[in-house]
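> Have a look at this one.
The values are calculated or read from the model by the stated rules, or taken from the named source; none is laboratory data. These numbers were taken from a predicted model, which means no experiment stands behind them. Because the Cβ atoms are built from the backbone with ideal geometry, glycine has one as well, and the counts that use them run over all protein chains shown. Just the protein is used for accessible areas: all its heavy atoms, side chains included, with ligands, DNA and RNA removed. Shrake-Rupley method; radii C 1.70, N 1.55, O 1.52, S 1.80 Å.
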Amino acid sequence: MLITKFDPWKSEMCTCPQKYSLNPYTGCSHACIYCYISTYIRDPFHSRPKKDLVKEVEKELRKQKEEITFISLSNSSDPYPPEERKLGMTREVLNVLNDYSIPFHIVTKSDIVVRDYELIGKNVVSMTITEMDSKRIEPGAPATELRVKALKELSAHSIKCTLRLDPVIPWINDSYESIYSIIHSVCDYVEHVTSSTLKMREDSICRLEKIFPRIKWRALYTRRVGRSYYLQEQERLTLMQRVRDACDEHGLTFSCCREGFNINTGKSCDGSHLLGKGKCRDGEKCSDSGGK
Ligand code: SF4
């Protein structure tokens, strides 16, 4: 199955509304150093499209269209890796979702998403930004300035956007100055911010130990939740409160993701409350019914 119920490791801390997940690509060429897909995907940092993607998506939509609330693209890969420029697989999927009137929520780190603004219409785009200079931790992803520009362009097309400031990593991007500068750079283009502290798996700890050997990762990541390692609760709360303070200063709503804290000001944790609130695609009849 390509369209599956979103269920992040059956985490009791997940507060997401019921949604479905679809990854047009397997693997992800953005190669973020903290990424957890390397625990369950072979050749993780090389994007390749799913076999018979469009045909399979159509087949599955014919079967389960009625039960799908909305689809999140993507949770185990970026829907706009560099390969998408040439292959256009995500673009084809968006066309199919529109044919079946399925609301969707795009989560990406790429400015390629702007190419598809006409197909996005009243759906939502979440852009992930973690540092103003992202190359050291997200070597294969577009530069932050391109992501900010993409948000500006999407917002000029009346598309509802959110920022994912995720993950916040201790000693790397957790200072108030770093958090503030990211939020400040996009505050005119987004309505909501979702944030989360870095959760680690064994292989991501090993990767970070190699790249940042002076940071004592195992001393910081002592709490085990399922198969993930978390920072201690007080540390996580301090970091999330820091992001919320910067959001408050900019008049943006805030939610944290898989943290278990009651400090959210947004109506949903993932920004899906904005589905259906943007502008209709040209020629489409406008109603405010996105996100069923
Ligand atoms: S963009 Fe997302 S899926 Fe891709 S490597 Fe980075 S964290 Fe992993």
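> Let me spell out the model: positive unit charges on the Cβ of Lys and Arg, negative unit charges on the Cβ of Asp and Glu, origin at the Cα centre of the chain. What dipole size does that give, in debye rounded to 20? Can you show the working numbers first?
Numbers: 45 positive and 40 negative charges, 148 e Å.
So the magnitude is around 720 debye.
> Residue by residue through the range 245-261, which ³J(HN,Hα) values in whole Hz follow from phi under the Karplus form 6.51 cos²θ - 1.76 cosθ + 1.60 (θ = phi - 60°), with glycine and proline marked x?
4, 5, 5, 4, 4, 9, x, 10, 6, 9, 9, 9, 10, 6, 10, x, 9
> For Asp166, enumerate residues with amide H under 5 Å from its amide H, sequence gap 5+ or separate chain, H modeled in the peptide plane.
Ile129
> Residue-wise, which Karplus ³J(HN,Hα) couplings in Hz belong to the range 157-169, taking 6.51 cos²θ - 1.76 cosθ + 1.60, θ = phi - 60°, and x for glycine or proline?
8, 6, 8, 6, 10, 10, 9, 9, 9, 7, x, 8, 10
> Please work out the Cα center distance from the range 109-144 to the range 199-252, rounded to the nearest Å.
If you average the Cα positions of each part, the centres end up 22 Å apart.
> In the full protein assembly as shown, how much of Lys199 is accessible to a 1.4 Å probe, in Å² to the nearest 10?
20
> Another question, then. Return the long-range amide H neighbours of Lys160 (sequence gap of 5 or more, or a different chain), with a cut-off of under 5 Å between placed amide H atoms.
Val125, Gly278, Lys279
> Can you give the angle from 0 to 90° between the axis of helix 202-211 and the longest principal axis of the chain, with both taken from C-alpha atoms, to the nearest 10?
On a 0 to 90 degree scale, this one is about 70.
> What percent does the relative contact order of the chain come to when contacts are Cα pairs within less than 8 Å and at least six residues apart?
Value for the chain: 19 percent.
> Going Cα to Cα from Lys152, which lysines come in below 20 Å? Please leave out same-chain ones fewer than 8 positions away.
Lys152 reaches Lys109, Lys122, Lys160, Lys277, Lys279.
> Based on the Cβ-Cβ distance of Asp52 and Arg227, what FRET efficiency does E = 1/(1 + (r/R0)^6) give at R0 = 30 Å, to the nearest 0.05? Write down the numbers at each step before the final one.
Numbers: r = 31 Å, r/R0 = 1.03.
The formula returns an efficiency of 0.45 here.
> Positive end of the charge dipole of the range 17-108 (Lys, Arg +1 and Asp, Glu -1 on Cβ, about the Cα centre): tell me which of Ser21, Ile37, Pro49 has its Cα farthest that way.
Farthest towards the positive end: Pro49.
> Which of the GluC sites (Glu not before Pro) found in the range 1-58 are in a DSSP loop and have at most 10 neighbouring Cβ atoms, other than their own, within 10 Å?
Glu12
> What list of ³J(HN,Hα) couplings, whole Hz, do you get for the range 172-185 from phi and the Karplus terms 6.51, -1.76, 1.60, once you set θ to phi - 60° and write x for glycine and proline?
Calculated HN-Hα couplings, in order: 10, 9, 9, 6, 4, 4, 5, 5, 4, 5, 5, 5, 4, 6 Hz.
> Show which lysines lie in cross-link reach of Lys216 when reach means a straight Cα distance below 20 angstrom and same-chain residues fewer than eight apart are skipped.
Those lysines meeting the cut-off are Lys199.
> On each of the three principal axes of the Cα atoms of the chain, give max minus min coordinate, whole Å, ordered largest first.
54, 42, 34
> Pull up all non-local amide H partners of Ser74: gap of 5 or more, or a different chain, and H-to-H distance under 5 Å with H placed in the peptide plane.
Val107
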